[in-house]
1. Using Cα-Cα distances under 8 Å and only pairs 6 or more residues apart, what relative contact order does the chain have, in percent?
2. Round to a whole angstrom and tell me the spacing of the C-alpha centers of the range 474-514 and the range 211-229.
3. Find, among the trypsin sites (Lys or Arg not before Pro) in the range 352-409, those assigned to loop by DSSP (not H, G, I, E, B) with at most 11 other beta-carbon atoms within 10 angstrom.
4. Give the residue from Pro510, Thr542, Phe75 lying farthest towards the positive end of the charge dipole for the chain; charges sit on Cβ (+1 for Lys and Arg, -1 for Asp and Glu) and the dipole is referred to the Cα centre.
5. Compute the signed sum of charges (Lys and Arg +1, Asp and Glu -1) over the other residues within less than 13 Å, Cβ to Cβ, of Val464.
6. In what order do Thr513, Thr188 fall by count of nearby beta-carbon atoms within 10 Å, going from fewest to most?
7. Given the convex hull of the Cα atoms of the range 194-252, what is a quarter of its surface area in nm²?
8. Mind checking the dipole of the chain: about its Cα centre, +1 per Lys or Arg Cβ, -1 per Asp or Glu Cβ, Debye to the nearest 20?
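Only the coordinates and a few stated rules stand behind these numbers; no lab work does. Since the model is a prediction, treat every value here as computed from it, not as a measurement. Every residue, glycine among them, receives a Cβ derived from its backbone with ideal geometry; neighbour counts consider all protein chains shown.
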Amino acid sequence: MKQNRGIGVSPGITIAEVVVLGGEEYDVPHQEIAPEAVRDEQDRLTAAIKKSQKEIFDLQESTAGKIGVEAARIFDFHVGLLLDKLLLNRFCSTIDQERIAAECAVAKVLGEYAKEFHDMPTYLAERVKDVYDIEERLLRNLSGREPQTLSDLGRDVIVVAHDMTPSQTAMADRRHIRGIAIDAGGATSHTAIVAKALGIPAIVGLENITASAASGDMAILDGNNGLLILNPDEDALAKYKTIARQQSDFVHSLDSLCRLPAITRDGHEIELFGNIEFPEEVATVLTKGGGGVGLYRTEFLYLGRDTAPSEDDQYEAYCHVIRECNSKPVVIRTLDLGADKYTQERARNPERNPFLGCRSIRYCLQNLPMFRQQLRAILRASVEGDVRILFPLITNLTELRQAKMIVRDVCEDLEDEGIDHNPDLSIGIMVEVPSVALQADAFAREVDFFSIGTNDLTQYTLAVDRVNERVAPLFTPSHPAVLRLIREVIRTGQQHNIPVSLCGEMAGSPMYTLILLGLGLRRFSCAPPMIPEIKKMIRSVTIQQAMEVARQVSRFDTDAEISNYLRATARKIMPEVFGG
Ligand code: PEP
Ligand code: MG
């Protein structure tokens, strides 16, 4: 039995078999062969190519079924290459002339191919990744190993990996992944956010768990405490089965809250919304008792697919969400691509500092056709309900004005085309960089609402990369500087009479509910599975109590004192969540 500590990012306890991902890097040592072995090696390679072709055809078919024929065309290149007679000849003659094993010929020939593509214009250079993908597939089939796949698991597992991109997490087989444990990442990495949204217990920042765990191991994953126990003994299993049962009882006990309002004991009504990444999550927001969608991360429409969604794809997704919300508010955030989402995976020259690079609104303002297309889809869908637009990562007023001008421009186009839309919908900004928090009064004059993004606000205030496990202990919204910025933004919103919500992970952590209420926050938006706990916290306290907590916190100078105090206070109110 081996205990491994990381950062618990999505609560819950799971006991299941482990599947380790990412062990698919093949070392190809130089291996010479005897002249009489040439034929055998060529046959082995031909068989591996045939098997790879079949895998790709199957993948193409299932993708067409799940996402559509157009999306399935991403595999056309793979098919073309594997059917290419010239390539086969090049493999065979390399084996023959250089007297090397099939694996070496694959690595050599495809290495040359990759280099040729790399030197081509950007569009073709993207093919390098496909060439590597084919190489990996051929090497695996030559080795006789079965493929690792997350999309068709067939049994309940805990996935252990070095890292997972948000797209991998989004595409995973959600029915069977019972837990996620990864080496990399921080508490607010998007992989963590997706896991929480899907209600999958998860731990990140385990540093070297891929080396300690092996596929087939049994494990207990405790997402509340960031603990992964490999090959647990009988005592540990019995203990965790009891804890899991108690937790599930607690979660069920919250069901009755779903239909009750989020109102404090002294009668203050609080708005409690859900954050979503996928349209299907709206159902959870509503069943968990959320009052609408406070943050729709629309960039997830781009993840898990290789072709960009069309205007109609986006329009359909938005309409689905808006109609299901049935006139409850839906805050649609415009594309927040970049940083750890999408663009780097596809970039020929990844940015050195993607979180400080071309992401979010910056990316949209540099890719206007894409931005305008999304705004058209949002504005067309806006007539279906209470839709609000939210711009991410605004850092200065010029960006805000440009973005608003483009909205007006798109409205005029729709007007000219006679397409129904709501030209007066509310426009807000994410307050997620210190420059905006510090200049909030100037922004408040030009927007209809603020939404505080504490994930990025913490990252940029404390200079701590939110996905880097090595600095994860430094990432905390309990830092007095972060709390001071939040307090000022809420105050400025009150002075200008514009609503302020908070939609970072902090909003979904019951430990922070009291301090946020005490700082004056009246609108929370969090991962849908967390709504009941936050509602319970809200319903258990008075605003007086919350203001006292805020006063007490303002006396502390360090994040450790603040976290300890907030945890102790929250434990008294909800011992079931805080263990004791
Ligand atoms: C945030 O930064 O707090 C936020 C809600 O946005 P995201 O996590 O998508 O960057
Ligand atoms: Mg953000």
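1. 15
2. 34
3. Listed in order of number, the matching sites are Arg352.
4. Result: Thr542.
5. My count for the surroundings of Val464 gives -2.
6. Thr188, Thr513
7. 4.9
8. Roughly 1880 debye for the chain.
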